[in-house]
Structure formats: structure tokens, C-alpha cells
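Step one of this worksheet: look at the structure below.
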Amino acid sequence: AEHTWALILATLRDIPGQTRAMRRGEWSSHLSLGLHGKTLGIHGFGRIGSLVALTGKSFGMRVLAWGGESSRRRAQEAGCDFAASRRELFENADVLSLLLRLSNTTRHAVTAGDFALMKPDALFVNTARGELVVPGALETALKHGRPGYAAFDVYENEPVLNGDHPLLKMDHALC
């Protein structure tokens, strides 16, 4: 949960980019994207999802969850909204955190179609498993501008060596 929030804040505040600019001697008055009043989508509302939601609420975010029946129950107990559909989750989330467990039914669960539903300034965060996303779907989605940003620390094939991953070459991806 802590690492999920580290990636969210680093991406939305453009900490890597601002650090690179400062090292080049540049000063930026770039305003970052705020969280208050935004919607935090959580796909898979388990133990970690509950902690991510709690932090989102502390920032004044609306929390919208999606998952199975246990996710629905946990989200309701935590006072969070539960999406009527996956589509609603992807369309409404300003920040979408993927926290599913990997299984035969969740492998490649997130598709290019899901990404196409996201807002152009939305952030997709995956700190669960790389195999939850269809291979190549996130790279293509970022090139098409939906979502606008991605942050993750998981890959379908790990470890990633020698910078050999297409997402490492994309400006809107925090790897």
C-alpha cells in the first residue's frame, strides 16, 4: 500500500521529471495534478486495497471499488462506493490502482478496451502482478493517450534487465 502511494504521488507530482530538470539547472513552475475531489478506483479491494483506500480518503478522494463479492463487502464496510460495472470503474477513476490476485481467471484481465475507457489525464497503477494486463496493451494505450499516465513495479517477465522494456522508453510511465 505504501509503495502504491509512493508511485501515485511521484507520478502526479512529476518528481522524476522535476529532479531531472533541477539537475540540468532548470527551474520549473510546473503545477502537478492534485488529488482532492478526484476519484480513486481500486480494482481488487482486499487487505492492501483497504489500506490504499484509507490513504485516498485522507487526501479527500472519492473511493470507487470493483471486484468480487468479498471486495464489495469490504468496500461497503470501509464506507467506499462500489462500481456497478468494470466499465464504470475504468471510466470514472482519475487514479486506478490494480490490486487483484493473479489466478487463471485474472490473468490478462485488463485489456486495451479497458484502457480506452480511461480519461486522458488518468493514472493507471499496477503494484500487483504484470500478468494481470494483456501484453502490449498498456504501451499501446499510453501512445493513444488513455490513460495519460502509468506507474508500476511489476512486469510480465521479470527481472527486466538492461533497460529492455518498451515502457521504460515512455515519458508518461514511471517504472
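The values are calculated or read from the model by the stated rules, or taken from the named source; none is laboratory data. The structure displayed is predicted, hence computed values, not measured ones. Heads up, the Cβs are rebuilt from the backbone with ideal geometry, glycines too, and the neighbour counts pull from every protein chain shown. The area values use the complete protein model at the heavy-atom level, side chains included, leaving out ligands, DNA and RNA. Shrake-Rupley method; radii C 1.70, N 1.55, O 1.52, S 1.80 Å.
Out of curiosity, is Glu88 touching a strand residue (DSSP E or B) at 6+ places or on another chain (Cβ under 9 Å), acidic (Asp, Glu) and under 25 Å from Asn157 (Cβ atoms)? Against the criterion (touching a strand residue (DSSP E or B) at 6+ places or on another chain (Cβ under 9 Å), acidic (Asp, Glu) and under 25 Å from Asn157 (Cβ atoms)), Glu88 does not qualify. Which is modelled with pLDDT under 95 and not basic (Lys, Arg), of Met118, Met170? Going through Met118, Met170 in turn, just one is modelled with pLDDT under 95 and not basic (Lys, Arg): Met170. Looking at this structure, is Gly130 under 26 Å from Met61 (Cβ atoms) and within 13 Å of the chain's Cα centre (by Cα)? So Gly130 passes the test. Here region 1-60 is the region considered, the condition is being basic (Lys, Arg) and in contact with a strand residue (DSSP E or B) (Cβ under 9 Å, 6 or more places away or on another chain), and the residue that is nearest to Arg87 (Cα to Cα) is Lys38.
Would you check if there is a residue in region 23-44 being touching a helix residue (DSSP H, G or I) at 6+ places or on another chain (Cβ under 8 Å), in contact (Cβ under 8 Å) with a residue 12 or more places away in the chain and over 24 Å from Gly145 (Cα atoms)? Within region 23-44, one or more residues are touching a helix residue (DSSP H, G or I) at 6+ places or on another chain (Cβ under 8 Å), in contact (Cβ under 8 Å) with a residue 12 or more places away in the chain and over 24 Å from Gly145 (Cα atoms).
In this structure, is Gly34 open to solvent by less than 60 Å² (accessible area, probe 1.4 Å) and in a loop (DSSP other than H, G, I, E, B)? Talk me through it step by step, then tell me what you get.
Details: open to solvent by less than 60 Å² (accessible area, probe 1.4 Å): yes; in a loop (DSSP other than H, G, I, E, B): yes.
When the stated conditions are applied, Gly34 passes them.
For region 37-58, give me each residue that is surrounded by fewer than 16 Cβ atoms within 10 Å (Cβ to Cβ) and in a loop (DSSP other than H, G, I, E, B). Of everything in region 37-58, just one residue is surrounded by fewer than 16 Cβ atoms within 10 Å (Cβ to Cβ) and in a loop (DSSP other than H, G, I, E, B), namely Gly37.
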